[in-house]
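Input: a single structure, listed below in C-alpha cells.
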Amino acid sequence: MSNEVFYLLFLFGFYTFTVVTYFALGYGITWLNERNPERKIQKGRGSDKRRSAEIRQSLKSMFSACLPLTIGLYAQQKGWAPAPWTLTWWNALPLFVLSMILYDAWFYFMHRLLHTKWLYPLHALHHKSVAPTIWSTYSEDVFDNFLLQSFSAVVVFVVPFPPLVLIAHRLFEHFNGMIGHCGFEYFAASTARYPSPLLCTTFHDQHHSGFRYNYANYFSFWDRVLGTLAPNYDQRVKTFEDEAPRITISEGTELAEARERAE
C-alpha cells in the first residue's frame, strides 16, 4: 500500500469516527440536557430550530476538521517536516499539554482574525447559532473550520510532535468542542474561573451570545491579558457553581440522591 493510499484511508477513517461520535455524543448529551433544564445557560432562548441545517453543514465541515491533521502527519512521513520526537511514557503528557497551550494561542488569534470585517463572512455561519447546541459545534463554513484546525498542518514544521500526540489532541479537541457548544453547564467550579486559567461551557456560550468576548478555546489567559474576556464570565461561573449540583440521570432519579443513599 502506498503512503498516499494509507493517508487517504486514514483521512476517511478519522472522518467516519468523527461523524459517528458526533451523533453518539450528540444524542447522549441531548438526552441529559432534557432531564436537566435548569442547567441551560441561555434560559428562555430557543436552540433547536436550526438543528437540521446545523447537522447538514457539520457533515461537510467535519471533513475539513480532519484534513489538517492528515496533512501534518503526511508531511512528517514524507520528511518535509522535522522528524517527530520519540514518544515515551515520560514525555507524553508534557507534550500533550504543550500542544494544548500552543493550539490555544493559535485558536485565539485566528479566531480574532475571523471576526475582522475581511474574514467574518467565513465565520458568520457559525454565529447564526446564538444559543449554541451540541449540533452546532461544526456548523461553520468549511474554510473557516479549516483555518481554525490548520494548527495540525502547521505546527509540525515548528515543533516535531509525535503523531500520537497530534491524534490524541485532535480527538480531545473534537469532544471538548462538542461539550463547549452543548448550551448546558455541568462543569462550573472554582477551577473554571479566576485565578484559574481553565474554562467551562459558559465561556464559549458567552462568545456566541456576546459575540465580542471569549475568543480562546482551552484557557482564559489570552482573553484576560488582551481585554476580551466577558465582564461577567467569572460571576456567571460562580452562579452555576453555587447552584445545587443536581444532575438527573434517569426519570425520577438524581445523582445527588444516589450519593446520599450511598452515604
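Listing for the model above:
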| item | result |
| --- | --- |
| Close pairs (7 angstrom Cβ cut-off, 6 or more residues apart or separate chains): among the β-branched types (Val, Ile, Thr) in region 176-199, surrounded by 23 or more Cβ atoms within 10 Å (Cβ to Cβ) anywhere | 179/201 |
| Conditions (1) in contact (Cβ under 8 Å) with a residue 24 or more places away in the chain; (2) closer than 18 Å to residue 165 by Cα; (3) loosely packed, with under 14 Cβ neighbours inside 10 Å: number failed by residue 38 | (2) |
| Meets criteria (at pLDDT below 95 and in a helix (DSSP H, G or I)) for residue 240 | yes |
| Selection count, region 130-164, where residues are within 22 Å of residue 199 (Cα to Cα) and touching a Phe, Trp or Tyr at 6+ places or on another chain (Cβ under 8 Å) | 5 |
| Residue among 148, 164, 119 that alone is touching a residue at least 40 places away in the same chain (Cβ under 8 Å) and surrounded by fewer than 18 Cβ atoms within 10 Å (Cβ to Cβ) | 164 |
| Test: residue in region 44-60 that is under 19 Å from the mean Cα position of the chain (by Cα), buried (at least 20 other Cβ atoms within 10 Å of the Cβ) and under 30 Å from residue 157 (Cβ atoms) | yes |
| Residues of region 36-55 that turn out to be modelled with pLDDT of 90 or more and closer than 14 Å to residue 181 by Cα, as a count | 7 |
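The values are calculated or read from the model by the stated rules, or taken from the named source; none is laboratory data. In this text, all values refer to a predicted model and were calculated from it rather than measured experimentally. Cβ sites come from the backbone with ideal geometry, for glycine too, and all protein chains shown count toward neighbours.
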